[in-house]
Amino acid sequence: MIVYTSAANVAERQFAPPSLAISTVIFALRPSESSGRPALWIPLVRRIREPFKGLWALPGGPLTPAESLQDAASRNLRDTTGLDPRYLEQLYAFGGLHRSPAQRIVSIVYWALVQPTEAALADESENVRWFRADRLGELAFDHNAIIDYALGRLRNKMAYGSIAYHLLGEYFTLAQIREVYEAVLDRELDPANFRRQIKATPEIAETGEYLQGGKHRPPRLYRYTGRPGLDPDNRSTP
């Protein structure tokens, strides 16, 4: 807890201009530690200074005068996690009056979707770690609320567009795409019904190839042939 030592400090905070910052929510599928099935994970960074020293937070940092918002988000991700996502989308602006106990901070939040092969390249250390999206605990600032908002947007967009395929490789089986939906929606889906719905989607095409290496008959591989955006209009803001 931070205690202000004088009325002058409080007044200085009230009249100081807001600080602009960039934060990013990164979603990736990684195996569950208990079942081994894919689950939704997020990398977080431990804060090493006040406020909220020692708590985990979203990757981010201040916006510099010479950077665009997108460039700042990309740089912050590279600096903190080593990730350079192929898809990075602006999510929302968070500017509540009491987000920080010090100077007021307005955060432009981005979200990124990374494939498992990309996520495996992320830097991990004592202060950078992956967490299950449903097992985060208390985070710094209002980052729990930000992640809840991002997760809600992700789940809403699962009903249309190509968003699920940004969490997979270029080629996938029908079982793998069902696992993406189940991980994001946090519920099981009927395999037969799901298979019928996906095979009826015009943007899903058979490749003529099969996934090798299993004990049973190899499943057919598919690929997404539609637009690369996250929704039908490829909008980047809510």
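What nm value, rounded to one decimal, do you get for the distance between Asn156 and Glu67 when each label is placed 7 Å out toward the C-beta?
2.8
Show me 116-126, 52-62, 140-150 ranked by packing, highest mean number of other Cβ atoms within 10 Å first.
Most protected by this proxy first, the peptides run 140-150, 52-62, 116-126.
Kindly write out, for the stretch 26-37 in residue order, the coupling ³J(HN,Hα) from the Karplus curve 6.51 cos²θ - 1.76 cosθ + 1.60 (θ = phi - 60°), rounded to whole Hz, with x marking Gly and Pro.
10, 9, 8, 8, 9, x, 5, 5, 8, 9, x, 6
Starting from the amide H of Thr24, placed 1.01 Å from N in the peptide plane, find each other amide H under 5 Å away whose residue is 5 or more places distant or on another chain.
Tyr110
Which net charge results when you count Lys and Arg as +1 and Asp and Glu as -1 among the other residues whose beta-carbon is under 14 Å from that of Gly82?
-2
Which FRET efficiency, nearest 0.05, do Arg30 and Arg195 yield, Cβ-Cβ r, R0 22 Å?
Efficiency, from the Cβ-Cβ distance: 0.35.
Quick one, what does Rg over Rh come out to for the stretch 163-224 if you take C-alpha atoms and the Kirkwood Rh?
Ratio of gyration radius to Kirkwood radius: 0.94.
Can you show me the helix-derived [θ] at 222 nm for the chain, built from DSSP H runs with n ≥ 4 at -39,500 (n - 2.57) apiece and divided by the number of residues, rounded to the nearest 500.
Theoretical 222 nm ellipticity from helices: -7500 deg cm²/dmol.
Give me, ordered by chain and number, the residues 5 or more places off Phe131 or on other chains with an amide H under 5 Å from its own placed amide H.
Ile42, Leu44
What's the local net charge at Leu121, with K and R +1, D and E -1, over the other residues with C-beta under 14 Å away?
So the surrounding residues net to -1.
Could you state, as a whole-number percent, how many of the C-alpha pairs of the chain are farther apart than 32 Å?
So the pairs more than 32 Å apart make up 27 percent of the total in the chain.
Apply the Karplus parameterisation 6.51 cos²θ - 1.76 cosθ + 1.60, with θ equal to phi minus 60°, to every residue of the stretch 152-167 and state each ³J(HN,Hα) to the nearest whole Hz, in sequence, with x for glycine and proline.
Per residue, the Karplus-derived 3J(HN,Hα) values read x, 5, 4, 5, 4, 7, 5, 6, 7, x, 10, 4, 4, 7, 6, 9 Hz.
Where a number appears in this text, it was derived from the coordinates with a stated rule and is not lab data. Treat the numbers as computed from the prediction; the structure is a model and nothing was measured. Quick reminder, even Gly has a Cβ in these numbers, built from the backbone with ideal geometry, and neighbours come from all protein chains shown.
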